[in-house]
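Report on one structure; see the data block that follows.
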Amino acid sequence: MGKSQSRGEENPGERQRKPAAITTFTASAIAVADMVGIGVFTSLGFQVIDITSAFSVILLWIVGGVVALCGALSYAELAAALPRSGGEYNFLSRIYHPAVGFMAGWLSATVGFAAPIAIAAIAFGAYFNGVAPGIASPLWLGLVAAWGIALVHLTGLKQGSNFQNASTILKILFIIGFIIAGFSYGTPQDISFAPSSVDLSHITSAPFFIGLVFVMYSYSGWNASTYIMEEVHDPQRSVPRSLLMATLIVLVLYVGLNALFLYTTPMDQMAGKVDVALVAGRHIFGQTGGDIVGALICFGLIATISAMTWIGPRVTKVMGEDLPVLGIFARQTKNGVPAAAIILQTLIVTALILTQSFERVVEYIQFAITLSSFLAVLGVMVLRYRQPDLARPYRTWGYPVTPIIFLLVTGFMMAYLLAERPLESVAGLATLLAGLAVYALSPKRKPDASQGVTIGE
């Protein structure tokens, strides 16, 4: 993508690159699908244990959406100023140093996307088995889903785009239909969404801030389109738009879903329950409501798996463009897809599913993932200071307040993770350091002045 790239000589990815074919709509669909996974259907049960005010709970999801929007606004500036696929790998390489970016890319290429895909695939199998019992075990259904979706993306960029659009549209329609039907047929509970005198104590309490950590996990994925910038038409315009559109859409969906759960289902029936959506579905529609919601979640997970199957291998592809040792993953088929990178990620997903180790992996990578996004948003301020004349087709709205809000909340999240999950957090940092060792031992491409320099050097 021109002189702003930090790599050297022309690489295999550039020679084989096809014309960008992804629209703003598809880029937004990827981000929406990546965000709306299983989290929004499970988090409320833990929130209402200590937060018994409907207003405070809804405010929790609004605050989380605003923080995600602050991150999206910040990433939009980076995406427009540093247009290349790879997400944090690209941003951190160009802002700080290629080694810093490689650590973030290493996490994404190994388990950062594979573990969430494995969880979504097994969840798909569990819900599918609940709707149509006896067909196969959740494990094998999950494997079929993971490989089937990977095969769709291996057929070509156009086919993957059509599949992603269709599955995401169905997902959104299912959720909107569920919200409308729930409010229409559900029995109102004795609650109020208006603020009261007790809300101040809820909002300033530890459970509120702990709940915000899990809400932010539910919003993770708002940055999805930055991983595939080179496949997006007019990326310096389309990617910022997709980030903002997707985050706003998900904010509305999340608030609507949680308002429905609170409006129709007694809090004591949801408290401590993981399957909040199923509890609410049965309470609204009777026993068949659980099957309806199960089917909704099941088919919705297809779009989630598809989004992560698409974007994860693109990080590996861009890393392969920069490091000869990973060069095989930079190669694209004639249909414009990094086949080797997709197969590698799906093999890792398979291993995680078969060993049932994915949940532990997700726990230990959360700190490292949060740190990567923290450094990227901080990079907006670093670039403003170090490169004031850098072309910025889009500038972060509300700067510097918006990035500071994101940094404060994600900083709190990292402090919480260190305090509550020290072993997992340290393990996540160890994974980053392992990536640093791989980078140090890997031969680099010789710099080429005609390609520009890395900002961090």
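The numbers here are math on the coordinates, done by the rules we state, and not lab data. Predicted, not measured: the structure shown is a model, and the values here were computed from it. In this analysis, Cβ positions are derived from the backbone assuming ideal geometry, glycine residues included, and neighbour counts consider all displayed protein chains.
Quick notes on this structure:
- Total charge dipole magnitude, segment 13-442, about the Cα centre, Cβ charges on Lys, Arg, Asp, Glu only, Debye to nearest 20: 1200
- The calculated 222 nm mean residue ellipticity attributable to helices in the chain amounts to -23000 deg cm²/dmol, summing -39500 (n - 2.57) over DSSP H runs of n ≥ 4 and dividing by all residues.
- Put the Cα centre of segment 373-437 next to the Cα centre of segment 259-305 and the gap is 34 Å.
- 0 to 90° range, to nearest 10: angle between helix 138-154 axis and the chain longest Cα axis: 40
- Among Ala29, Ala430, Ile405 - extreme Cα towards positive end, dipole of segment 13-442, charges at beta-carbon: Ala29
- Spin-label model distance (nm) - Leu441 vs Leu151, 7 Å beyond Cα toward Cβ: 3.6
- Near the amide H of Ser357, within less than 5 Å, lie no amide hydrogens of residues on another chain or at least 5 residues away, with H placed in the peptide plane.
- The order of the peptides 185-196, 34-45 by mean Cβ neighbours within 10 Å, most packed first, is 34-45, 185-196.
- Distance between the 7 Å Cα→Cβ label points at Arg386 and Leu354: 4.3 nm.
- When the Cα gyration tensor is reduced to axis lengths a ≥ b ≥ c, the ratio a/c is 1.5 or higher for segment 53-204, and with a/b not above b/c it is classed as oblate.
- Taking the C-alpha atoms only, the angle from helix 24-35 to the longest principal axis of the chain is near 60 degrees.
- Test item: Cα-centred dipole of segment 283-384, Lys/Arg +1 and Asp/Glu -1 on Cβ, debye: 360
- Put simply, when 280-290, 173-183, 238-248 are sorted by average Cβ atoms within 10 angstrom per residue, most first, you get 238-248, 280-290, 173-183.
- Zone residues, segment 239-274, relative to Ala21, backbone N less than 19 Å from point 7 Å out along Cα-to-Cβ: 239
- Local electrostatic count, Ser306, Cβ distance below 12 Å [Lys/Arg +1, Asp/Glu -1]: 0
- Sorting 416-428, 97-109 by their mean Cβ neighbour count within 10 Å, with the most densely packed peptide first, gives 97-109, 416-428.
- In this calculation the C-beta distance from Val252 to Thr288 is compared with R0 = 25 Å, giving a FRET efficiency of 0.40.
- Subtracting the Cα-Cα distance of Ile191 and Asn335 from 0.36 nm times their residue separation leaves 46.4 nm of extension gain.
- Matching label, volume of the Cα convex hull per residue in Å³ computed from the structure shown, candidates (i) 146; (ii) 129; (iii) 138: (ii)
- Against the chain, whose longest principal axis comes from its Cα atoms, helix 276-285 is set at around 40 degrees.
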